[in-house]
Each structure stands twice: as structure tokens, then as C-alpha cells.
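The values are calculated or read from the model by the stated rules, or taken from the named source; none is laboratory data. Keep in mind it's a predicted model, so treat the numbers as computed, not measured. When we count neighbours, we look across all protein chains shown, and the Cβ atoms used for this are built from the backbone with ideal geometry, even at glycine.
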Amino acid sequence: MTDNEHRSQSLLQHRFGRRELLRGAAIGGAGLAGTALIPGLTRRAIAATTPKKGGDLRVAITGGGSTDTLDAHTMNTSPDLARVMTLYEGLTTLDNDGKLINVLAESFEPNATATEWIIKLRKGVTFHNGKPFKAEDVAFTFRRIGDPKNPLQGATGLKPVDLDNIQIIDDHTLRVPTKTPFATLPETLSAVYYFGVVPVGYDPKNPVGTGPFKYGSFTPGQQSVFKRYDGYWQEGLPYLDSVTIIDSFQNDTAAFNALQGGEVDVYAYATLSLVNQITQGGDLKALVSKPGLYVPFYMRTDVAPFDDVNVRKAFRLLVDRQQLIDQSLSGHGIVGNDVFGRWDPAFDNSLVRPHDVDQAKFLLKKSGHENLTVELSSVDLLPGMAQAAQVFAQQAKAAGVTVNIRQLTTDAYYSNYGKWAFTQDYWVYQPYLTVVALATLPTSPYNGTHWNNAHYNSLYDQAQSLVDASKRAEVIHEMQKIDFEEGGFIIPSFNQTIDLMAANVQGFESANTGNALGNFGFAKAWLA
């Protein structure tokens with residue numbers, strides 16, 4: 001298979017793959033720790049606070065299909081994300097506040113120029129097959145992801161790493177040299193769904209990780225079953241006997257009906273408007289996250305009309321962002337301003353986009369694109385996505401722009417990923433530079449906008465080389481200014497994630513990453 005074929009195959013196996021609490025804070029209520037709950041859902045709320053062992057949790061999630069996978073490094077959509085974060089763990093991750101924490105790593109120590117890292121690993125960890133977790137497994141994982149003959153989704157993120165010269169110092173220490181300075185290696189690795197650690201000789205057909213649950217069974221597009229791993233390194237966890245992820249539901253109505261009928265215990269990534277159907281004194285409750293998920297519109301910067309920066313600017317000015325949030329998200333979001341990395345410490349909050357139809361008209365006329373007609377290739381992957389396309393099309397009419405929506409199937413979208421001139425995608429929160437590696441460099445696997453700016457690319461290399469976080473933030477701000485003024489993303493909002501569940505489901509906490517169920521926190525979930 002050629003490199004291009006491998007790359008195309010990787011894109012077919014698309015992952016995903018990135019504040020204030022607006023209405024969620026006002027919703028309030030009692031129930032799950034760290035959450036906002038819909039009013040009146042406490043009739044069957046469980047008073048017990050001590051977790052108990054046992055029970056089988058059944059989780060409904062839409063978006064499954066024939067491309068479902070258990071491979072640690074080729075995630076497709078949200079059901080795959082749930083599976084990957086159940087089976088595998090990374091050296092680092094983001095906690096529920098979006099902050100970097102160590103998981104399988106104990107420490108990362110760079111040299112003065114960030115051209116070499118000493119990584120010390122956690123002891124006492126075993127894989128699901130009983131094999132002790134060692135440094136050789138980390139080296140194997142890195143090389144599997146970055147294999148030039150078959151680069152997987154995290155390959156661009158690991159591009160600076162000198163994979164051939166990783167040195168095993170002892171069972172729990174390795175020296176990782178880099179070909180160029182790489183100051184953000186720990187942050188890069190926090191995207192567990194690209195960098196989950198697997199053992200030497202890993203076979204995705206018989207998946208083995210270090211996560212709280214081990215592989216039980218798997219039927220693509222139907223369901224997967226994971227059983228408690230009794231050798232899990234976090235003492236006392238997990239509580240549940242098993243987690244069953246059911247992704248055979250074709251739409252939100254079917255998933256919600258299954259929850260109401262007691263066929264499942266949880267509906268993850270629930271359609272936001274369904275919150276209004278949770279009634280006073282009912283048996284269901286809702287876990288409401290902070291805004292971390294985002295659903296950008298992609299404008300391909302290498303094809304007409306979006307190769308003209310004035311058209312891209314005009315389209316961004318056409319969006320009435322609060323109206324889009326109200327109409328497509330039932331108010332469950334905050335305004336975005338076309339720059340990703342909302343929770344990154346280096347995020348520039350000063351970049352604000354107005355809604356200015358007159359200026360949009362001026363820019364379209366300047367570019368020779370008055371009365372423009374475009375096709376928006378929309379796909380309904382997550383709550384509010386298809387609705388946002390409809391709202392944008394309606395708003396664009398004010399500037400004489402006609403947006404014809406072409407509704408794609410999931411398979412059609414992924415098989416042509418990166419080819420659509422104007423389309424949508426979705427991301428959960430990740431640090432800014434991590435997303436850059438995945439989405440806005442010429443070598444990025446998910447560069448749906450075909451963005452290639454030489455100065456921007458050089459700034460990325462510069463940012464990666466700076467060990468001083470404050471100096472790195474200055475460079476990131478310059479990159480974000482380019483994103484804001486010239487880039488191909490329209491990011492109208494950062495969205496809340498809402499999960500609906502039975503009253504006896506306990507242990508899930510709100511997160512701001514955009515991942516469902518508090519970063520798919522199955523390890524701490526329990527049934528009262």
C-alpha cells in the first residue's frame with residue numbers, strides 16, 4: 001500500500017480527531033457531584049454517597065457503523081472514543097478542568113533545549129493480559145503511531161520525536177530524543193485517543209490496554225462489552241462489573257426511548273433539546289458539562305471562492321453567533337470567535353468577532369463574489385450539528401449569499417474527508433498546539449481547510465521549541481491572530497455536552513473537554 005493510500009485509509013478511520021457556565025450554571029440542582037442538574041430530577045435521587053461494587057452499566061451512543069474500531073490509534077467517531085478511553089490510557093491526560101496530569105508517566109524531564117526528554121513511568125501497572133507495563137511498551141507505541149510506512153492519526157504530533165533512537169534506560173525509564181526542539185511533548189500525549197499505550201506485539205483484533213476495563217466482545221455498529229479489570233492499578237477501581245456500549249441506535253429518538261424504557265442506563269451525547277423532556281419528579285437526570293466541544297465550519301482555503309481571504313472574512317461576519325447557539329443548541333453553549341483551544345492557558349480572549357452583515361457585503365463585493373451561491377456539505381455527527389448548518393444558511397441570506405445544504409451520510413463524509421469545499425467537523429478540547437498538529441499544518445491528518453501558511457508553520461516550530469511557557473504563549477497568540485484574521489475555520493460556539501441517565505447512576509462528574517460522561521469516567525461510575 002502506498003503512503004497516500006495509508007493516509008487515505010487513516011482519514012477513513014477519522015477520530016474526532018477539543019469558561020463560563022452560561023445556562024448550565026443557572027440550571028442548578030442536586031445530584032451528581034460537580035454537575036449541573038435539570039430541576040426536579042431528585043424524586044429518585046440516591047442519598048447514598050459511598051460507591052458500591054457490582055452492576056452492569058448500559059450506555060447508548062449514536063454514530064456507530066461499519067467502520068467501528070477497537071484500535072487504540074485509529075479512532076473514528078464518538079462510540080470509538082468511548083471504547084478507546086475505556087480500554088487504554090496514555091502517559092498523560094487532561095483532567096475534568098482541562099489541565100494536564102500524568103497517568104502512566106510519573107514525570108517528564110526535558111533538557112535545557114527540549115531536544116531530549118527523560119520519562120519515568122509508573123510502577124505496578126499491568127496490561128489486561130497480565131504483562132507488566134514497561135518502557136519498551138512506550139517505545140513500541142510511539143513507533144507504531146509514527147511508522148512512516150503506515151502513519152496513524154497521532155503521527156504528525158510525534159513528528160519531532162527521533163523514533164529510531166529512543167533509549168530504554170531501565171524498565172521504567174526511557175530517554176526520548178527529538179530531531180527538533182519539542183517543549184510540549186507531555187501536552188501532545190494528553191490526547192489519549194491518539195496516544196494510548198499498548199504492549200509490545202499489540203494486536204487490535206485482541207485489544208489489550210491498561211484501562212479500568214478489559215475487552216469482552218465487539219460487534220461493529222452494534223455493541224461492545226468491557227469487563228472490570230481486577231488488576232487495575234488504581235486501588236479499589238473500577239466499581240462496575242461491566243460496561244456495555246450500544247451504538248446501534250440510528251437516531252436520538254431511539255436512544256432516548258431506550259433510556260426511558262429502561263433498556264439502557266445512560267444516553268451519552270444526548271440531543272440538547274431532549275433536556276426539556278426531562279420532567280418534574282421524573283426518574284432521569286442530566287449531566288451538563290462546561291462548554292468544550294466545538295463544531296467548526298471548514299472553508300477550503302485552496303479552492304474558490306474560499307481561496308480569497310475576503311470571502312472567508314465575510315462568511316465569519318455573517319454568523320449571528322448567539323442566535324445560532326439559541327436555535328441549534330437550545331442555548332447550551334457560549335460564543336466562539338473562530339479560534340480553537342478555548343481552555344488553553346495561552347488562549348487569547350481578546351479576539352472577538354462581531355456580527356456585521358454590511359461589512360460582509362462589502363468584502364464579498366470587493367472580492368467579486370456578490371450574490372454568491374455555495375454548497376455546504378453537512379453531516380449530522382453530534383447534537384446541534386445539522387441544525388447549525390440550517391441556521392447558518394438562513395443567516396447568510398441577509399448578505400445575498402445562498403447556501404444550499406447537501407446532507408451527507410457518515411460514510412460519505414468520511415470517505416471524502418478533506419475534499420469538501422465547505423463542510424463541518426467536530427472536535428473536543430485539546431491544547432492549542434496539539435490541535436495545530438492535527439488540523440492546521442500541511443502534514444496534519446485532519447487539515448480539512450487545506451491551510452498552509454509558511455509564517456504560521458514557522459511559528460508552530462518556534463512555539464514547540466520554547467521551554468518558557470510565557471514566551472511560548474506570545475508565539476501562540478501570534479498564531480491565533482493569524483487563525484482569527486486569515487484561517488479557514490468558522491467556530492461559532494463552544495458547546496456543552498449533555499448526558500442523560502437513570503437516577504441510580506452515580507460517579508460521573510462534569511468536565512470541560514467536550515467528552516461525554518466526564519471524559520468517559522467509567523472507572524469511578526457505580527450503580528446505587
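Here are a few things to note about the model shown:
- Residue that is modelled with the highest pLDDT, among those in segment 398-446 that are of a type in the set (Gly, Ala, Ser) and under 20 Å from Gly65 (Cβ atoms): Gly418
Table: residues versus (1) modelled with pLDDT under 95; (2) of a type in the set (Asp, Glu); (3) under 22 Å from Ser415 (Cα atoms); (4) surrounded by fewer than 21 Cβ atoms within 10 Å (Cβ to Cβ).
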{"residue": "Ala48", "(1), (2), (3), (4)": "yes, no, no, yes"}
{"residue": "Lys53", "(1), (2), (3), (4)": "no, no, no, yes"}
{"residue": "Ser78", "(1), (2), (3), (4)": "yes, no, yes, no"}
{"residue": "Thr86", "(1), (2), (3), (4)": "no, no, no, no"}
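- Exclusive hit being touching a helix residue (DSSP H, G or I) at 6+ places or on another chain (Cβ under 9 Å), modelled with pLDDT of 95 or more and closer than 21 Å to Lys123 by Cα, set Phe213, Phe226, Phe218: Phe213
- Within segment 373-388, at least one residue is in contact with a His (Cβ under 9 Å, 6 or more places away or on another chain) and either under 27 Å from Gln153 (Cα atoms) or assigned to a strand (DSSP E or B) (or both).
Here is a yes/no grid of residues against (1) out of contact with any Ser or Thr (no Cβ under 9 Å at 6 or more places or on another chain); (2) modelled with pLDDT of 95 or more; (3) closer than 19 Å to Gly521 by Cβ; (4) buried (at least 17 other Cβ atoms within 10 Å of the Cβ):
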residue: Leu185; (1), (2), (3), (4): no, yes, no, yes
residue: Gly196; (1), (2), (3), (4): no, yes, yes, yes
residue: Pro207; (1), (2), (3), (4): yes, yes, no, yes
residue: Gly236; (1), (2), (3), (4): yes, yes, yes, no
residue: Ile245; (1), (2), (3), (4): no, yes, yes, yes
residue: Asp252; (1), (2), (3), (4): no, no, no, yes
residue: Ala268; (1), (2), (3), (4): no, yes, yes, yes
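- Of the residues making up segment 380-390, those that are crowded, with 22+ Cβ neighbours inside 10 Å and hydrophobic (A, V, I, L, M, F, W, C) are Leu381, Leu382, Ala388, Ala389.
The rows are residues; the columns are (1) at pLDDT 95 or above; (2) under 22 Å from Ile482 (Cα atoms).
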| position | (1), (2) |
| --- | --- |
| Leu259 | yes, no |
| Gln280 | no, no |
| Leu284 | no, no |
| Pro291 | no, no |
| Met299 | yes, yes |
| Pro305 | yes, yes |
| Ala314 | yes, yes |
| Phe347 | yes, yes |
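- The residue that is farthest from the chain's Cα centre (by Cα), among those in segment 332-379 that are surrounded by 16 or more Cβ atoms within 10 Å (Cβ to Cβ) and small (Gly, Ala, Ser), is Ser367.
- Long-range neighbours under 6 Å by Cβ, at least six apart or interchain, first residue under 30 Å from Leu94 (Cβ atoms) within segment 344-370, second of a type in the set (A, V, I, L, M, F, W, C): Ala346/Ala473; Ala346/Ile476; Leu351/Val339; Leu351/Phe484
- Test: residue in segment 23-44 that is farther than 30 Å from Gly154 by Cα, of a type in the set (S, T, N, Q), modelled with pLDDT under 50 and touching a helix residue (DSSP H, G or I) at 6+ places or on another chain (Cβ under 9 Å): yes
- Pairs where the first residue, in segment 286-297, is within 12 Å of Gly518 (Cα to Cα) and the second is assigned to a strand (DSSP E or B) and of a type in the set (D, E, K, R), C-beta under 6 Å, 6+ apart: Leu287/Asp499
A quick yes/no check of all residues on (1) at pLDDT 95 or above; (2) farther than 26 Å from Pro445 by Cβ; (3) over 21 Å from the mean Cα position of the chain (by Cα); (4) part of a strand (DSSP E or B):
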residue: Lys120; (1), (2), (3), (4): yes, yes, yes, yes
residue: Lys123; (1), (2), (3), (4): yes, yes, yes, no
residue: Gly154; (1), (2), (3), (4): no, no, no, no
residue: Gly157; (1), (2), (3), (4): no, no, no, no
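- The criterion of at least 1 residues that are more than 22 Å from Thr156 (Cα to Cα) is met by the following helices (runs of 4 or more DSSP H) wholly inside segment 426-528: 469-486, 516-520.
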